[in-house]
1. What is the number of the single condition among (1) farther than 30 Å from residue 218 by Cβ; (2) modelled with pLDDT under 95 that residue 87 does not meet?
2. Taking interchain pairs and intrachain pairs at least six residues apart, which have beta carbon atoms under 9 angstrom, with the first residue in the range 163-191 and more than 23 Å from residue 233 (Cβ to Cβ) and the second of a type in the set (Val, Ile, Thr) and crowded, with 18+ Cβ neighbours inside 10 Å?
3. What about residue 179, is it hydroxyl-bearing (Ser, Thr, Tyr) and surrounded by fewer than 21 Cβ atoms within 10 Å (Cβ to Cβ)?
4. So how many residues does the range 120-135 have that are in contact with a Gly (Cβ under 8 Å, 6 or more places away or on another chain) and either closer than 11 Å to residue 108 by Cα or not aromatic (Phe, Trp, Tyr) (or both)?
5. State which residue is farthest from residue 89 (Cα to Cα) when the search covers only the range 232-261 and only residues that are touching a Pro at 6+ places or on another chain (Cβ under 7 Å) and in a loop (DSSP other than H, G, I, E, B).
6. Identify, please: which residue in the range 225-240 is over 10 Å from the mean Cα position of the chain (by Cα) and crowded, with 21+ Cβ neighbours inside 10 Å and is, among those, farthest from residue 97 (Cα to Cα)?
7. If you scan the range 191-205, which residues turn out to be more than 20 Å from residue 241 (Cβ to Cβ) and among the hydroxyl-bearing types (Ser, Thr, Tyr)?
8. Sort out which residues of the range 155-172 are surrounded by fewer than 17 Cβ atoms within 10 Å (Cβ to Cβ) and among the charged types (D, E, K, R), and write them in order of number.
Amino acid sequence: MLSVTSSLTRLTTNSPLHHPNPNSTLIAPIPKSNHVALPLRFRSGIKFASKWIRSVINGSELSSEPNDFAAITVPKRVVLVRHGQSTWNAEGRIQGSSNFSVLTEKGESQAEVSRQMLAADQFDVCFASPLNRSKRTAEVIWGSRKEKIITDYDLREIDLYSFQGLLKHEGKSKFGDAYSHWQTDASNFYIDGHYPVRELWSRARSCWKKVLAYDGRSVLVVAHNAVNQALIGTALGLGPEYFRVLVQSNCGVSALDFSPSSEGSPPYVCLNRLNQTPKSPLAESGGRKANKRMVLVSIGSGSCINEGIYESHPEGKNLDAELPRSSVH
């Protein structure tokens, strides 16, 4: 099920993490229909790439990848935050995993907004990329909490090798077809003997093993656009072809809920929030409420979708329980 609000996107998948059948195949939750608009964009900042939608209309499927996440015994929430605007973001320079840029004044302000938005969350631990722009964002958000921030090199941004440090127009003029390949088919992009996006997906799986192994129930992760996309994708069983479908804005907040499954099985996972980018500080936490919610529910085999706008419950009750039984599958 995919539900979207002005500040929330929730995706519960039938991926290997969310379905007892490890051989189940995930396809994008869009119907084969002549009435699909291209592309879809929401205020949250998410843009469903036309490649994703076209693949379903044409009957092809983007890849799903089984995960080997260890079983968990208690529910866990993991909140992902991208760093605030950096000096190289402002210049339009390709950062990759380089560590020369720092937060701009705007980036510091964005981090402060995120700190206020997440102030009520009772995080047990914070993991952060060691790169300056993310480490500083984590320090601002973490504030006066006593627990130390854990830096993990695997949370660094995507390695872009020879592209790093170039302005975008320099990348286009210097690398030509390779730069075009990076823009149009990132999952198969090859440079300096590497497939950067594929490497990133592999690294994200390693990150999840460490994050989910932590004893706490509520975890904050502060990192980067590409690696946060990879964390979301690998958690949901989505392959690297979904890179740029799950784009993260500066200080965008995403949240995933992991629930224990049967003994020895990987946890169920629900994408509770995707790229929430508030225009102003919020009084409550990383957003458990929204004014309105648009819910897209797949019926049966996915041959059709019911669409509707529902007012969110004033007490924050689970909307799913209030949907008609016939439309919940």
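1. Failing condition for residue 87: (2).
2. Short answer, once both residue conditions are applied: 165/94; 166/94; 167/94; 168/94; 170/94; 171/94.
3. Numbers: hydroxyl-bearing (Ser, Thr, Tyr): yes; surrounded by fewer than 21 Cβ atoms within 10 Å (Cβ to Cβ): no.
Taking the combined requirement at face value, the residue does not satisfy it.
4. Selection size over the range 120-135: 4.
5. The extreme case among them is 261.
6. If we take residues in the range 225-240 being over 10 Å from the mean Cα position of the chain (by Cα) and crowded, with 21+ Cβ neighbours inside 10 Å, then 237 is farthest from residue 97 (Cα to Cα).
7. First pass over the range 191-205, keeping only residues more than 20 Å from residue 241 (Cβ to Cβ): 192-193.
Scanning the range 191-205 gives no hits.
8. 168, 170, 172
The values are calculated or read from the model by the stated rules, or taken from the named source; none is laboratory data. Owing to the predicted nature of the structure, the values given are computational and were not obtained by experimental measurement. All Cβ positions, even for glycine, are placed from backbone atoms using ideal geometry, and neighbour counts span all protein chains on display.
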